[in-house]
Amino acid sequence: MAKSIDISDVNIYYGDFLAVQGVNMTVKARQVTAFIGPSGCGKSTVLRTLNRMHEVIPGARVEGKVVVDGQSLYDPSVDPVAVRRQIGMVFQRPNPFPTMSIYDNVLAGNKLNAKKMKKDEADSIVEKSLKGANLWNEVKDRLAKPGMGLSGGQQQRLCIARAIAVEPQVLLMDEPCSALDPISTSAIEDLIHELKSDYTIVIVTHNMQQAARVSDETGFFNLKATGEPGQLVEFNSTTKMFSNPDEPATEAYISGRFG
Amino acid sequence: MSTTETERTPPREPEAPRGVSRRGDTIFAGLAKGSGLFIMLALAGVALFLVLQSLPAIGASGENAYGADNIVLYIWPLLFGTVLAAIIALVIATPLAIGVALVISVYAPRRIARLLGYLIDLLAAVPSVVYGLWGRETLQSWVFPIYQWLADNLGWIPLFAGPVTTGRTILTAGIVLAVMALPIITALCREVFAQTPTMHKEAALALGATRWEMIKMAVFPYSRSGVTSAILLGLGRALGETMAVALVLSASGVITINLISSQNPSTIAASIALNYANASGIKTNVLIAGGLVLFVVTFAVNFLGRWLAARGQAKG
């Protein structure tokens, strides 16, 4: 079920403002791809075009092609709602639904698909997803409690469980650890390694060590110049990016001489 | 509504280090304390006036109590009419207001949403006398054929028993009140809906929720307590409204749930407005006793609203 994503000549706008220009890359299936770069260079913006969450913001639009497994996401016949059901997303701040229990939070996406689920079927989805998110042992005795009662790291893993409960083709993560402490971060990173065998994962991160630890390939984004749109500077295997990058700009950013 | 507000916000003194007093702080604290106290005193004064003036009415009967045997029998039908009209108004206004607020805050493109918002706010600027005249002259002739149809086809429901001889019924008054309560409910709902955190809305959308599903998953649970307050504030407006009801309703002071006959219960506020100019002696006290009852009911509704809202927030 994991799919690859081809991005070609993508320009992303907020109203008349061109935020990101000319992105070309291929995100491979069953690999972790990391986006790094300074704040405001468009990494999250690019990530959000991959499941059409970008256009939720009024005036935002995308030019170019994003193709998942031969299907162009921005084809006029494609329903953005259907895209988002195939491509899950985890956000910067954990966002479980505050009024729902842990159990209902995990099933939130499945319930949208409107199928009537049997109780045991629902139970097994919840167990499988929570196990997949390494949260099962911590919450199995309190599934009926509200999701907001968990710690930040647990909430984020609950959100991951919610995202994988619908078995998406791709999992997008927008700085999933930036609001978490180091121990929770390490738990999420371990989880990313495990999820890789089933899902294509794209992760935006500010933490370069994290990118080096979890990803197979890395894209470095930067602004062309102050006031100019963001662009993809270099896209290479993570090992190469962190040892011997092609672009001097990447080298400068990674070694901390800039940004 | 300001009553419960004042109880909740007695100005708290800033924890300045002892011995240090700044003139600005002192003046502001005094001003805030003074205003809080003033509102409390004004409220207490109103309550005191109502109680004292109502006392002589306790023994009133017959002619003095507008034909009722005692004061309770006089006020009870009016209270019934007041609550009935307000409930009709809310039953109509609430779904409409929530719908309009959703259109404005979620569905409509920004420019149209803003225009619609202005239009709804304008409804609040129309004087209630104008609503009364509109209900009496225009609305009643529109709804008259509808009432006839209701009586003919749904007459077996006690609400629509008829017979229909006029459009100026309690249902018409309820509709007018609904239009008047609409702006405040819409405005508050709109604010609450717009405050739903983006992260919850995006959580729903990213799972593949349609806009309506997003509203159900993220917006409604978040705004439940705010919407409750909005409805109860609308109820407060509908309960106390005077002129519109006085003009629209052809009242005869009965207690009935038949919404479309010519025999309609009146409301407390309308009855005071219609009778006070000609009242003298004990009759004045009887009318003021009605006012006291309305005061207590409105107070209770607002109190309930605040309580529900606070409880909803605690659940969060």
### Task
Give the long-range amide H neighbours of residue A:20: residues separated by 5 or more places, or on another chain, with amide H under 5 Å away, using H modelled in the peptide plane at 1.01 Å from N.
A:12, A:230
### Query
Cα-based Rg (one decimal) and Dmax (whole number) for the range B:180-316, in Å?
20.7, 70
### Message
If you restrict to DSSP beta bridges whose two residues both lie in the range A:166-259, what percentage is antiparallel, to the nearest 5?
### Response
60 percent
### Task
Rounded to whole Hz and in sequence order, give me ³J(HN,Hα) for the range B:89-106 from the Karplus expression 6.51 cos²θ - 1.76 cosθ + 1.60, θ = phi - 60°, writing x for Gly and Pro.
4, 6, 4, 7, 6, 4, x, 4, 5, 5, x, 5, 4, 5, 4, 5, 8, 10
### Task
Pop out the ³J(HN,Hα) list for the range B:43-56 in order, Karplus 6.51 cos²θ - 1.76 cosθ + 1.60 with θ = phi - 60°, rounded to Hz; leave Gly and Pro as x.
4, 4, x, 4, 4, 4, 4, 4, 5, 4, 6, 7, 3, x
### Task
Name the long-range amide H neighbours of residue A:233: under 5 Å, sequence gap of 5 or more, or other chain; modelled H, no Pro or chain starts.
A:220, A:221, A:222
### Query
Cα convex hull of the range B:49-171: how many Å³ per residue?
190 Å³
### Query
In Å, the Kirkwood hydrodynamic radius of chain B over pairs of distinct alpha carbons?
22.2 Å
### Task
Could you check which residue among B:114, B:23, B:190 shows the biggest mean-square fluctuation in a GNM of chain B with a 10 Å Cα cutoff?
B:23
### Task
Pop a pseudo-label 7 angstrom from the Cα along the beta-carbon direction at both residue A:78 and residue B:254 and give the gap in nm to one decimal.
6.7 nm
### Query
Using the beta-carbon distance between residue A:252 and residue B:21 and R0 = 51 Å, what value does 1/(1 + (r/R0)^6) give for FRET efficiency, to the nearest 0.05?
0.35
### Task
Any chance you could check the range A:66-106 for residues losing 30 Å² or more of accessible area when the partner protein chains are in, compared with the chain on its own (1.4 Å probe)?
A:81, A:84, A:85, A:91, A:93, A:95, A:97, A:98, A:99
## Note on the structure
Expected unfolding gain across residue A:224-residue A:148 under the 0.36 nm per residue rule, minus the alpha-carbon gap, is 23.3 nm
### Query
Of all accessible surface on chain B at a 1.4 Å probe, what whole percent is carbon and sulfur?
67 percent
#### Entry: Share antiparallel - DSSP beta bridges, the protein assembly as shown, percent rounded to 5
55 percent
### Query
Loop-only check: which chymotrypsin sites (Phe, Trp or Tyr not before Pro) in the range A:174-259 are DSSP coil with at most 14 other Cβ within 10 angstrom?
A:258
### Query
Counting only protein heavy atoms and rolling a 1.4 Å probe, how much accessible area do A and B lose on contact, total for both sides, in Å² to 100?
1800 Å²
### Message
Per-residue Cβ counts within 10 Å, from other chains only, averaged over B:209-215: what number is that?
### Response
3
#### Entry: Surface accessible to a 1.4 Å probe, per residue, for the residues of the range B:76-315, Å²
45 Å²
### Eligible aspartates and glutamates near residue B:33 by straight Cα distance, threshold 19 Å, same-chain separation 8 or greater
B:5, B:7, B:13, B:15, B:25
#### Entry: Top of A:176, A:168, A:245 by mean-square fluctuation, Gaussian network on chain A, Cα under 10 Å
A:245
### Query
What 222 nm value per residue comes from the helices of the protein assembly as shown, counting each DSSP H run with n ≥ 4 as -39,500 (n - 2.57) and dividing by all residues, nearest 500 deg cm²/dmol?
-17000 deg cm²/dmol
### Query
Do any of A:240/B:201; A:65/A:145; A:128/A:240; A:128/B:216; A:3/A:240; A:3/A:131 go past 32 Å between their Cα atoms, and which?
A:240/B:201; A:65/A:145; A:128/A:240
### Message
Report the per residue volume, in Å³, of the convex hull enclosing the C-alpha atoms of the protein assembly as shown.
### Response
241 Å³
### Query
Using alpha-carbon pairs under 8 Å, 6+ residues apart, how would you state the relative contact order of the range A:1-101 in percent?
29 percent
### Query
Mind listing the phi-derived Karplus ³J(HN,Hα) values for the range B:158-172, rounded to whole Hz, using 6.51, -1.76 and 1.60 with θ = phi - 60°, and x for any glycine or proline?
x, 4, 10, 5, x, x, 8, 10, 8, x, 8, 9, 5, 5, 4
#### Entry: Among A:18, A:73, A:135: highest mean-square fluctuation, GNM of chain A, C-alpha pairs under 10 Å
A:18
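The values are calculated or read from the model by the stated rules, or taken from the named source; none is laboratory data. Computed from a predicted model, the values in this text were never measured in an experiment. Glycine gets a Cβ as well: all are built from the backbone with ideal geometry, and neighbour counts include every protein chain shown. The protein model used for the area step is the full one, side chains on, heavy atoms only, and it has no ligands, DNA or RNA in it. Shrake-Rupley method; radii C 1.70, N 1.55, O 1.52, S 1.80 Å.
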